[in-house]
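No lab work stands behind these numbers, since they all come straight from the coordinates. Because the structure is a prediction, the values reported are computed rather than measured. In this analysis, Cβ positions are derived from the backbone assuming ideal geometry, glycine residues included, and neighbour counts consider all displayed protein chains.
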Amino acid sequence: MIKQLTKVGNSSAVVLDKAIMELLGLEENARIQLTVNGRSLTISPVNPSEVDPEQFEKHLSDIVRERRAVLRKLAR
């Protein structure tokens, strides 16, 4: 299937047809996983029970590092 990117603000979006959403079991505002492999992009539904613990830990560490000052203020 060939789709065209749609401009959304300063970003671009791929619009998924209702039929594709149903095939993937997605609803509006569903979370998806984007995986880049070379010049290919794979879109997969996210099931919270399938989140990779190592990936979660990495993201959490990144957030803590980026927001350290705010988190310290909140901890007071």
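Quick one: which residue in Lys7, Lys3, Lys58 is part of a strand (DSSP E or B), free of Cβ contacts under 8 Å to residues at least 40 places away in the same chain and among the basic types (Lys, Arg)?
Details: Lys3 fails: part of a strand (DSSP E or B); Lys58 fails: part of a strand (DSSP E or B).
Going through Lys7, Lys3, Lys58 in turn, just one is part of a strand (DSSP E or B), free of Cβ contacts under 8 Å to residues at least 40 places away in the same chain and among the basic types (Lys, Arg): Lys7.
Considering every residue within region 24-46, establish whether at least one is surrounded by 10 or more Cβ atoms within 10 Å (Cβ to Cβ) and assigned to a helix (DSSP H, G or I). Yes - at least one qualifying residue is present in region 24-46.
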